[in-house]
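The values are calculated or read from the model by the stated rules, or taken from the named source; none is laboratory data. All of these numbers come straight from a predicted model, not from anything done at the bench. Cβ sites come from the backbone with ideal geometry, for glycine too, and all protein chains shown count toward neighbours.
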Ligand code: KE4
């Protein structure tokens, strides 16, 4: 494949944008390559400025569950745009969107729209602190909740990829209010509650992690967190920015059967446009301005174009639940094919999957069920694999510590091709 135009475009971008990108993980830094500049996307494919096409498993880092440029979404945005792009005033569409989210996520009684996952998590944490009158928050090593100061402590995603768990600029005064525990290690949380329980405002986690790669909670882990939060009157926050509407209509909490007090949402909720949201128990949400004293605001929150893209996407998912059945089938096919290749080649790697989220960990561990397991991954081997499959027209996340996503637009042919190229790439790495 020829990437000449992307290479030139990257050099130009470097002159005017920090790192040439508007979000660090896009820079391909951890795969020792220059980023590919995308020109357009349709269905399961993305097309770069050099005319190359790729089967896309990044899905814009999660939002594109229905595939790129889904006709209903495009038409809805085009139609809305001619009525204006932003009013800064309430619209009927925002109320319809709130009703739909409440219908789909049963633990949510009231919801506030924002413009990103980061806004959702930072607002939810402020709300939990305002509601409890406490300062401390418990997060988990390797979990990423956006770039809010309180969360850039042993974070995942780009922060992990870049090996800078505590970002400069986050003050010690802020960091001291963030306690970190280990995912799937309930004892590590119990220890924190034993010591600080009455000062812990909230526990926040990805109920299924995506930002250290996909790791599924052990049986009883989430229930244990629920019980600890009940015992100490702390707020349990599920960060479902990635898993929300991805794993089921009601997200990970529907699949895993545990209700948080607050849920943060993003990605799919906007259908590819900038939308985040946080919601949960009305008793807590009513603490938000203008009803209550906890301030939170946003010029473009509930923006009509973003709302109609998200509302159209969620409506399709809500009205066609068979989409999740089909996603499970085709994702299972991918898993079976890759595991067949690993076995046939006796290749040391672990493929974690839940629903249409997956990660291939380049580790010789038998299983990947914790952050420590994740850290045994060979990131150099991952980088070589990434570049091999990129050349084959397969676009996965440019970091070992991310999730891959299958969309409803992926075909059996896409999956079969991916499995074949996976085998060839693995064989070259032996
Ligand atoms: P945004 O602010 O990027 O919309 O959302 C932050 C966020 C919060 N919570 C979870 C569970 C998330 O996965 C994210 C964002 N995820 C990363 C990829 N793992 C976004 C990609 C990027 O940073 O460019």
Restricting the search to segment 284-294, which residues are out of contact with any strand residue (DSSP E or B) (no Cβ under 8 Å at 6 or more places or on another chain) and in contact (Cβ under 8 Å) with a residue 24 or more places away in the chain?
-> 292, 293
Of 351, 401, the only residue that is in contact with a helix residue (DSSP H, G or I) (Cβ under 7 Å, 6 or more places away or on another chain), free of Cβ contacts under 8 Å to residues at least 40 places away in the same chain, closer than 22 Å to residue 184 by Cβ and outside any helix (DSSP H, G or I) is 351
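On the basis of being in contact with a strand residue (DSSP E or B) (Cβ under 6 Å, 6 or more places away or on another chain) and not in a helix (DSSP H, G or I), does residue 113 make the cut? Spell out the reasoning first.
Values: in contact with a strand residue (DSSP E or B) (Cβ under 6 Å, 6 or more places away or on another chain): yes; not in a helix (DSSP H, G or I): yes.
For residue 113, the condition - in contact with a strand residue (DSSP E or B) (Cβ under 6 Å, 6 or more places away or on another chain) and not in a helix (DSSP H, G or I) - is met.
Out of 84, 19, which single residue is within 16 Å of the ligand (Cβ to nearest atom) and surrounded by fewer than 19 Cβ atoms within 10 Å (Cβ to Cβ)? Quick ask: steps written out before the conclusion?
Values: 84 fails: within 16 Å of the ligand (Cβ to nearest atom).
Of 84, 19, the one residue that is within 16 Å of the ligand (Cβ to nearest atom) and surrounded by fewer than 19 Cβ atoms within 10 Å (Cβ to Cβ) is 19.
Suppose we keep only residues that are more than 10 Å from the ligand (Cβ to nearest atom) and closer than 18 Å to residue 225 by Cα within segment 135-151. Which one would you say is surrounded by the fewest Cβ atoms within 10 Å (Cβ to Cβ)? Break it down into steps so the answer makes sense when it comes.
Within segment 135-151, the first condition is being more than 10 Å from the ligand (Cβ to nearest atom), and the residues that meet it are 135-142, 149-150.
Imposing the further condition that a residue be closer than 18 Å to residue 225 by Cα reduces the set to 136-142.
Details: 136: 20, 137: 24, 138: 25, 139: 29, 140: 27, 141: 22, 142: 27.
Checked segment 135-151; the qualifying residue surrounded by the fewest Cβ atoms within 10 Å (Cβ to Cβ) is 136.
Based on this model, can you work out whether residue 120 counts as at pLDDT 95 or above, assigned by TED's automatic domain parsing to the domain that holds residue 148 and touching a strand residue (DSSP E or B) at 6+ places or on another chain (Cβ under 7 Å)? Quick ask: steps written out before the conclusion?
On the way: at pLDDT 95 or above: yes; assigned by TED's automatic domain parsing to the domain that holds residue 148: yes; touching a strand residue (DSSP E or B) at 6+ places or on another chain (Cβ under 7 Å): yes.
So residue 120 passes the test.
Which of the helices (runs of 4 or more DSSP H) contained wholly in segment 125-236 include at least 1 residues that are farther than 25 Å from residue 267 by Cα? Explain how you work it out, then say what you get.
Working: elements: 157-161, 172-175, 186-196, 221-232.
Ranges flagged: 172-175, 186-196, 221-232.
The rows are residues; the columns are (1) under 22 Å from residue 129 (Cβ atoms); (2) at pLDDT below 95; (3) out of contact with any helix residue (DSSP H, G or I) (no Cβ under 7 Å at 6 or more places or on another chain).
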site	(1), (2), (3)
201	yes, no, no
227	yes, no, yes
243	no, no, no
259	yes, no, no
Mind checking which residues of segment 41-86 are touching a strand residue (DSSP E or B) at 6+ places or on another chain (Cβ under 8 Å) and part of a loop (DSSP other than H, G, I, E, B)?
-> 44, 49, 57, 58, 62, 64, 65, 67, 69
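Look through 36, 31 and report the one residue that is farther than 30 Å from residue 321 by Cβ and in contact with a strand residue (DSSP E or B) (Cβ under 6 Å, 6 or more places away or on another chain). Even if it seems obvious, please write down each step before you answer.
Working: 31 fails: in contact with a strand residue (DSSP E or B) (Cβ under 6 Å, 6 or more places away or on another chain).
Among 36, 31, only 36 is farther than 30 Å from residue 321 by Cβ and in contact with a strand residue (DSSP E or B) (Cβ under 6 Å, 6 or more places away or on another chain).
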Checked 203, 241, 208, 255 against criteria (within 16 Å of the ligand (Cβ to nearest atom), within 21 Å of residue 373 (Cα to Cα) and either surrounded by fewer than 24 Cβ atoms within 10 Å (Cβ to Cβ) or assigned by TED's automatic domain parsing to the domain that holds residue 140 (or both)); the one match is 208
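Yes/no per residue for (1) touching a residue at least 40 places away in the same chain (Cβ under 8 Å); (2) touching a helix residue (DSSP H, G or I) at 6+ places or on another chain (Cβ under 8 Å); (3) in the same structural domain as residue 417 (by TED's automatic domain parsing):
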residue	(1), (2), (3)
20	no, yes, yes
23	yes, yes, yes
29	yes, yes, yes
33	yes, yes, yes
45	no, no, yes
53	yes, no, yes
61	yes, yes, yes
65	yes, yes, yes
Given 279, 213, which one is surrounded by 24 or more Cβ atoms within 10 Å (Cβ to Cβ), within 14 Å of the chain's Cα centre (by Cα) and not assigned by TED's automatic domain parsing to the domain that holds residue 64?
-> 213
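Looking at 157, 116, which one is within 16 Å of the ligand (Cβ to nearest atom) and surrounded by fewer than 21 Cβ atoms within 10 Å (Cβ to Cβ)? Explain how you work it out, then say what you get.
Details: 157 fails: surrounded by fewer than 21 Cβ atoms within 10 Å (Cβ to Cβ).
The conditions single out 116.
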Does residue 122 satisfy the condition of being within 11 Å of the ligand (Cβ to nearest atom), over 15 Å from the mean Cα position of the chain (by Cα) and farther than 26 Å from residue 194 by Cβ?
-> yes
